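Trainee: To start, I am sharing the structure in question, which I have written as structure tokens.
The values are calculated or read from the model by the stated rules, or taken from the named source; none is laboratory data. Note that the structure is a prediction, hence the values are computed from the model and not measured. FYI the Cβ positions are ideal-geometry reconstructions off the backbone, even for glycines, and counts take in every protein chain you see.
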Amino acid sequence: MATEFDAIRRKLLEHKQELLTRAASVRADMTRSSGPLEKDFAEQVVQMENDAVLAGIGEATAAELAQINRALAQLDQGTYGVCSSCGDPIDSRRLLALPYSDRCISCAEAGG
Ligand SMILES: [Zn+2]
């Protein structure tokens, strides 16, 4: 079901990977002096996801990751694509352009 969201899910996962890779390189820079990184990259990214802000990757990146995670959770729960403000379905073109938007275009415009 919900095959229309498959492309969006893929896009979210790709973007998440990008952000985590960026975070990984920042973290590698930060921890280089204190010893080698964990070999298990998957373990690293989980860790980084948890302490993204502490790791200093920047609030914007951390906030984006949080939004992506929320959108992915909503996809799993079947609540994705519904405006958090008015409860209307969000236009699919808007979701494709901005996969983790949680408000429809009229609410987003009304709220600035
Ligand atoms: Zn709305």
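Trainee: What number goes with the only condition from (1) touching a Cys at 6+ places or on another chain (Cβ under 8 Å); (2) more than 13 Å from the ligand (Cβ to nearest atom) that Ile90 does not pass?
Mentor: All conditions pass for Ile90, except number (2).
Trainee: Now for a separate question. Which residues, counting only those in region 68-112, are touching a helix residue (DSSP H, G or I) at 6+ places or on another chain (Cβ under 9 Å) and either polar (S, T, N, Q) or part of a strand (DSSP E or B) (or both)?
Mentor: Matches in region 68-112: Asn69, Thr79, Val82, Ser84, Ser85, Ser92, Ser101.
Trainee: Looking at region 53-69, is at least one residue charged (D, E, K, R), under 17 Å from Glu14 (Cβ atoms) and modelled with pLDDT under 80?
Mentor: Looking for residues that are charged (D, E, K, R), under 17 Å from Glu14 (Cβ atoms) and modelled with pLDDT under 80, one finds none in region 53-69, hence no.
Trainee: Considering each residue of region 74-87, count those that are within 11 Å of the ligand (Cβ to nearest atom) and either loosely packed, with under 11 Cβ neighbours inside 10 Å or among the polar types (S, T, N, Q) (or both), and give that number.
Mentor: 3
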